[in-house]
Structures are given as structure tokens and as C-alpha cells.
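The values are calculated or read from the model by the stated rules, or taken from the named source; none is laboratory data. In this text, all values refer to a predicted model and were calculated from it rather than measured experimentally. Backbone-built Cβ (ideal geometry, glycine too); neighbour counts: all protein chains shown.
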Amino acid sequence: MDLLNFAIQNKEILKIFYAIIIIFICLVIVVKTHRLFHLSLHRGIRYFRNAFFFYGIGFFIRYILGAELIYKSFDGVYYSAIEFLFEFFLVMGGFFLIYSLLWKKFEGKFNPFSSFFHFRIAVFYFMSLIVVLLDNIWETYYFMFFSQIIIFIIASIIAYNNYRKNVKPGKFLKFYFIAMVLSLIAWLLNALIALILDWNKIIQSGIYIINLAVFFLFLYGVIKFTKK
Amino acid sequence: MAATKKRERLEVIRDIIKTINQNRKIKPTRLMFYSNLSPQMFKDYINELITKGFIKLEVGDDDKKFFSLTKKGQDFLIEYKSIENFIENFGL
């Protein structure tokens with residue numbers, strides 16, 4: 001319990017440390033996949049890169065710009081803006097991640113000039129804005145949790161099908177599936193502590209650890225398959 | 001009758017770039033023949049590859065046009081296996 005007490009007492013510093021690790025992982029993934037995209041022009045890689053770009057920005061906004069040390073010197077509007085932007089980028093990250101698995105079904109020969117701005121992506125921006133606005137109006141996180149739970153249920157099913165279809169052993173698809181299931185568990189736990197368990201600190205710490213595991217899994221995969 | 005699997009976009013790009021690399025300089029008609037694409041598809045792919053800087057269209061001393069690879073095109077061939085592995089392993 002000493003470790004837990006230490007974590008609770010130093011939670012603000014630990015949160016910053018946690019965010020720095022995730023932002024760094026996102027940065028590495030974005031740089032490596034950006035290079036791979038420029039060589040391949042593959043749209044799936046492009047959307048995968050965008051997902052981690054949005055996650056990185058989201059974590060930077062919430063845990064660095066929104067760190068207690070900083071926002072205490074600003075008013076409530078500042079913190080509301082931080083929460084709004086954090087949710088928006090996180091939800092968009094989820095949409096980009098699932099779209100990187102599904103783009104072939106929707107785009108066909110359509111080859112957009114920009115992966116950030118075209119009609120299909122505009123639908124995601126719109127949906128993300130709706131989710132964030134509803135959460136802001138009701139002052140909850142439920143709409144974000146609910147949207148992410150749906151996204152990661154679908155992503156887990158797709159990842160499992162990809163894993164089952166692949167006959168070659170030793171492939172990363174198994175880890176991809178595990179990462180999707182872990183993400184789903186993290187969002188379910190988030191919803192659970194928000195709805196029933198009054199933001200239980202122990203479970204919250206567990207969610208941070210699960211999130212780190214997911215990002216490290218992706219980092220492992222990206223480094224493994226982009227090294228020369 | 002053996003069914004031929006439709007080539008993925010990335011495989012088409014690889015085949016075009018590989019053909020240019022093997023020939024160093026290749027005429028458009030010859031490249032189209034080797035690429036096994038319809039004229040319209042061939043045009044679309046070539047335009048994209050030129051725009052993105054993978055290949056270039058040059059004019060020889062005899063005023064004949066030919067394609068050659070750029071540095072980016074050569075890098076693509078070197079890293080093709082990594083790209084293919086990445087796409088396969090991430091289910092993209």
C-alpha cells in the first residue's frame with residue numbers, strides 16, 4: 001500500500017511523467033510511419049499515423065497544458081477548453097485507428113489529397129464534436145466512454161479476424177488484437193469507475209498501466225517492422 | 001483454370017518501379033506492356049508516381065521519352081519488404 005500512497009501523493013508529477021512517455025511513443029510512431037507512408041503512399045499507414053498524431057496531441061493538451069501546476073493559474077474556462085480539446089483529439093484518434101483498418105471498404109479508388117480533410121473524415125470530425133459537446137452539456141464523460149467502447153469492440157473483432165485469417169506464425173497481428181482488447185478493457189474500466197465506483201484510485205492506476213502497455217505494444221510493433 | 005489474384009495497389013507500384021529499375025531507362029510503351037495495366041490505369045499510376053517523385057520522365061538525345069527512377073523510387077524498392085510486412089502485420 002506504500003507504493004499506492006506514494007502514487008496518490010505524487011499523482012500530478014506521475015501523470016506528467018505518464019504523459020511524457022505516451023507523447024514520446026506517439027512521436028516515434030508518427031515519425032516512423034510518416035516515413036513509411038511517403039515511401040509507400042499506402043492510405044492505411046497514413047490513417048494509422050494520424051491516429052497516433054491525434055493521441056499525442058490529446059495527451060499533450062490534457063496532461064501537459066492541463067497539468068494542475070499550470071491550470072491553477074488560469075480560470076475555469078481554460079480547464080474547460082483543455083477538457084474539450086482532450087476529448088476531441090482522443091475520440092478522433094480512435095476513429096482514425098479504426099478507419100486505418102476499414103479504409104479499403106470505404107475508399108476504393110478514391111484517393112484523397114489529404115488524409116486529414118476529406119468527406120469521410122469530416123464525418124468523424126462531426127461525430128467527435130457531437131460526442132464532446134454532449135459530454136460538455138451534461139458535464140460527463142459518458143458519451144466519450146460509450147463511443148470508445150463501441151469503437152474498440154469493432155476494432156477487437158476486426159483485429160481478431162485479421163489474426164485468424166493470417167496463417168503465418170510469429171506475426172504481430174496477435175499483439176495487435178491483444179492491444180485492442182486491452183484498450184477496450186481500459187475504456188470499460190473508465191466507464192465503470194465513472195458510473196459506479198466514484199473514480200476509484202486503484203482502478204484508475206490500473207487504467208494508466210493498461211494504457212502504457214497498449215502504447216508500448218504499438219511502439220514495439222512499429223519499431224520491429226520499420227527497422228532497416 | 002488457375003485464377004489469378006488481383007494485384008494490390010502497392011504491388012502494382014512495386015512492379016512498375018521494379019521494371020524501371022531493371023531496365024534503368026525504359027520507354028513508356030514498353031513499360032505499359034510490362035506493367036500489364038489498361039492505358040487509363042497505367043496513366044493514373046504513372047502520373048501519381050511522377051507527382052510523388054518516385055520516377056521521372058526524361059527526353060533522350062534522340063528526342064525519345066523514357067522513364068527512370070529517382071532516389072525515392074530506389075528507396076521504395078529497398079524498403080518494399082518492410083512496407084509489406086508493416087501493412088500485413090497491422091492489418092492495414
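For the reader, a short list of remarks on this structure follows.
- Counting the residues of the range A:93-111 that are touching a residue at least 12 places away in the same chain (Cβ under 8 Å) and more than 25 Å from A:ILE157 (Cα to Cα) gives 1.
- Residues that are within 14 Å of chain B (Cβ to nearest Cβ) and more than 19 Å from A:PHE96 (Cβ to Cβ) within the range A:180-224 comprise A:TYR220, A:ILE223, A:LYS224, listed in sequence order.
- Within the range A:107-121, the presence of a residue that is within 16 Å of the chain's Cα centre (by Cα) and either at pLDDT 95 or above or within 14 Å of another protein chain (Cβ to nearest Cβ) (or both) is excluded.
- Scan of the range A:32-76 for residues that are aliphatic (A, V, I, L, M) and more than 14 Å from every other protein chain (Cβ to nearest Cβ), ordered by number: A:ILE57, A:ILE61, A:ILE64, A:LEU65, A:ALA67, A:LEU69, A:ILE70
- Entry remark, the range B:33-92: residues being within 13 Å of chain A (Cβ to nearest Cβ), touching a Lys or Arg at 6+ places or on another chain (Cβ under 7 Å), of a type in the set (A, V, I, L, M, F, W, C) and touching a residue at least 12 places away in the same chain (Cβ under 8 Å) number 2 in total.
- Enumerated helices (runs of 4 or more DSSP H) restricted to the range A:1-113, each holding at least 2 residues that are surrounded by fewer than 20 Cβ atoms within 10 Å (Cβ to Cβ): A:2-9, A:11-40, A:68-71, A:76-107
One line per residue, one yes/no per condition, for (1) in contact (Cβ under 8 Å) with a residue 40 or more places away in the chain; (2) of a type in the set (A, V, I, L, M):
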| site | (1), (2) |
| --- | --- |
| A:SER156 | no, no |
| A:ASN161 | no, no |
| A:ASN166 | no, no |
| A:LYS171 | no, no |
| A:VAL181 | no, yes |
| A:ALA191 | yes, yes |
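Here's the yes/no breakdown for (1) away from every other protein chain (no Cβ under 12 Å); (2) under 23 Å from A:ILE223 (Cβ atoms); (3) of a type outside the set (Val, Ile, Thr); (4) surrounded by fewer than 20 Cβ atoms within 10 Å (Cβ to Cβ):
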{"site": "A:GLN148", "(1), (2), (3), (4)": "yes, no, yes, no"}
{"site": "A:ILE151", "(1), (2), (3), (4)": "yes, no, no, no"}
{"site": "A:ALA155", "(1), (2), (3), (4)": "no, yes, yes, no"}
{"site": "A:ALA159", "(1), (2), (3), (4)": "no, yes, yes, no"}
{"site": "A:ARG164", "(1), (2), (3), (4)": "no, no, yes, yes"}
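- When B:LYS25 is tested against (1) in contact with a strand residue (DSSP E or B) (Cβ under 6 Å, 6 or more places away or on another chain); (2) surrounded by fewer than 17 Cβ atoms within 10 Å (Cβ to Cβ); (3) modelled with pLDDT of 90 or more, just one condition goes unmet, and that condition is (3).
- Test: residue in the range A:166-175 that is surrounded by 14 or more Cβ atoms within 10 Å (Cβ to Cβ), within 12 Å of chain B (Cβ to nearest Cβ) and out of contact with any helix residue (DSSP H, G or I) (no Cβ under 8 Å at 6 or more places or on another chain): no
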